[in-house]
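Undergrad: Here it is: the structure, laid out below.
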Amino acid sequence: ALRSRSGRSIINGNWAIDRPGRYEGGGTMFTYKRPNEISSTAGESFLADGPTNEVLDVYMIHQQPNPGIHYEYIIPGDNVISPQLLAHRRPGEPLNGQLGVPESTDPEAEDLHREMDTLTGQSVGTFPVIQPGRFPPHQPENQVPAVQPPRHNREHNWKQVGKTECSTTCGKGSQYPVFHCVNRITHEEVSESHCDSSTKPIPEEEACNLFPCPAFWDIGEWSECSKTCGLGMQHRQILCRQMYANRTLTVQQYRCQHLDKPDTTSTCQLKICSEWQIRTEWTSCSVPCGVGQRTRDVKCVSNLGDVVDDEECNMKLRPNDIENCDMGPCAKSWFLTEWSDRCSAECGDGVRTRSVVCMTNHVSSLPLEGCGNNRPSETSPCSNGPCAGKVEWFAGGWTQCSTECGSGTQQREVICVRKTEGNFDVLNPYECSYLEKPPGQQSCYLKPCGSKWFHTEWSTCSKSCEGGFRVREVRCLSDEMTASTQCEPQLKPEEKEPCNTHDCVPEIDENCKDKYYNCNVVVQARLCVYTYYKSACCASCTRVANRQPGFLGRR
């Protein structure tokens, strides 16, 4: 994490992890890179061209052993290194904390990056400093730096005949002098056995090809794709670097201007996003009446048509695979038809009929305990006036069937009569008891009824006065007493009707009276809001309050 001394978080602050990218802070722009932890062993990094204008702190949290921090920073190259100091410097040694380089012919000052090894507990920023004048005296290349025997006793000696090839072609390499055994007088090379091996100079490393190598673009690894499916973006870090002293240093980007800079961002697509598919229609409701549930099959399907885990689809766009369904109320009450229009007898006493059925979950006729014991009557007495008779048992014609369709009954009058001249006298049935009495009732069936409207009794009125309403349930049933849609809509009985439309009569309080004759003035002055006047002119104040709700306020 990166934070300023003022406490402002720049990258990965406030317990939130930022995505790799560019973030402004400290007067410069930081590029934050976080490689894929699975496919890459590189760590996280911050990079800024600088300069910074305030102190910034780097924080690191880790659960494994401390992986350390590797860092680089820029040192301005204003200090000119003297050629004399370079000539007396041991190869490979730093000079005043900087790597020695020859004077550049480029008019621009060379900026060098100082690179530190991974921190392992050493103090930060500590560099070895070699002061001028503390180098050992420079030895000529062909002089042996050892105690030598008298020259007249030596016929052969060691001589530098050249140097090894430079280890690099640029950017400061190393080479070593090569010593051979030669004849002291003729300088011919001879076998090394002719020279004293103890006096052979030890080759010392020498720097070579000190000029910098050409700068190049160092291309980092691509970051993770910003999206797991569909079109996303990925980033990589591009640095301008140069090789020097077997080390790669980051330099200003203008040094790589002779090269085309690779792209730092690119589109990416790991795979085409999966989508939701509805595989089946809704099932039937789980209950025959009342509120139940119905379901359907919803799957997350890849672009190849395979069913995959739901997590691969956008859960916010998932269609419902279960919902409530209302199959209507589960009636457990008696349903009745209207009374038949015809009386069973053309004259005398007869009956009218109606159908009664108990409606339950499966819309069928059940035993009485299904709807209680108060089963409504299916017959009702009726009369079309007295009938004339004749002597003996007299059976009248059968009446019309009590129903126009379905099962009904027919009635006929059976009386004991005595025929007189032009008349029939009705006798007591006892007078004909010795005769077989014809039946007076029989069942009848004209045709199937088809579907008919059934309804329950009216409910209690919703209000006792000033207009309420009452309701009943109406259903269309077939001959088999099952739900049907074949009833004629224009014949459907009303399911709701007004009731108790009379005005409400307010209760009269015998103690609420006007104590003064001019209480109308109190009302006009709107003084009823005061407790005194409300009591003194109780009747007037109450009357106007009933006409104007909210007239009486609080005081």
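The values are calculated or read from the model by the stated rules, or taken from the named source; none is laboratory data. If you're wondering where the values come from, they're calculated on a predicted model, not measured in any experiment. Please note: Cβ atoms are built from the backbone with ideal geometry, for glycine as well, and neighbour counts cover all protein chains shown. The accessibility values were calculated without ligands, DNA or RNA, using every heavy atom of the protein model including side chains. Shrake-Rupley method; radii C 1.70, N 1.55, O 1.52, S 1.80 Å.
Undergrad: Can you give the extra length, in nm with one decimal, that the chain gains between ARG247 and GLN160 once fully stretched, where that is 0.36 nm per residue apart less the Cα-Cα distance?
TA: Separation in residues times 0.36 nm, less the Cα-Cα distance, equals 28.3 nm.
Undergrad: Which lysines, on any chain, are close to LYS200 with Cα under 24 Å apart, when same-chain ones fewer than 8 places away are left out?
TA: LYS159, LYS163
Undergrad: Could I ask something else about it? Tell me the per residue accessible area of region 167-242 using a 1.4 Å probe; a whole number in Å² is fine.
TA: With the other protein chains kept in place, region 167-242 gives 56 Å² per residue.
Undergrad: Rounded to the nearest 0.05, what FRET efficiency do GLU457 and SER383 give with R0 = 22 Å and r taken as the Cβ-Cβ distance? Could you check?
TA: It comes to 0.30.
Undergrad: What length, rounded to one decimal in nm, is gained on full extension from ILE202 through to HIS70, with 0.36 nm per residue of separation minus their alpha-carbon distance?
TA: Working: separation 132, 0.36 × 132 = 47.52 nm, distance 3.59 nm.
Length gained, ILE202 through HIS70: 43.9 nm.
Undergrad: Hey, another quick one. For VAL301 paired with LEU259, estimate the spin-label separation in nm (one decimal), with each label point 7 Å from Cα along the Cα-to-Cβ line.
TA: 5.0
Undergrad: Which entries in the list LYS33/LYS299; LYS33/LYS316; LYS33/LYS261 go over 27 Å, if you measure between the two C-alpha atoms of each?
TA: From LYS33/LYS299; LYS33/LYS316; LYS33/LYS261, over 27 Å: LYS33/LYS299; LYS33/LYS316.
Undergrad: Tell me the relative contact order for region 166-208 as a rounded percent, counting alpha carbon contacts under 8 Å between residues six or more apart.
TA: 47
Undergrad: May I pose another question? SER193 versus ALA483, label points 7 Å from Cα toward the beta carbon: distance in nm?
TA: So the label points at SER193 and ALA483 sit 11.9 nm apart.
Undergrad: Let me ask something additional. Could you put MET315, MET233 in order of accessible surface area, largest first, with the 1.4 Å probe and the full protein assembly present?
TA: Largest accessible area first, the list is MET315, MET233.
Undergrad: Further, regarding this structure: May I ask you to list the lysines whose Cα is less than 18 Å away from that of LYS513, ignoring any residue fewer than eight positions away on the same chain?
TA: Straight-line reach from LYS513, under 18 Å: LYS534.
Undergrad: What nm value, rounded to one decimal, do you get for the distance between THR280 and THR52 when each label is placed 7 Å out toward the C-beta?
TA: Simple spin-label model gives 6.3 nm for this pair.
Undergrad: Round to the nearest 0.05 the FRET efficiency obtained for GLU338 and CYS465 when R0 = 30 Å and r is the Cβ-Cβ distance.
TA: About 0.50, to the nearest 0.05.
Undergrad: Which part of region 410-452 falls in the paramagnetic zone of VAL474, meaning amide N under 18 Å from the point 7 Å along Cα-to-beta-carbon?
TA: Only 451-452 fall inside the zone, counting backbone N under 18 Å.
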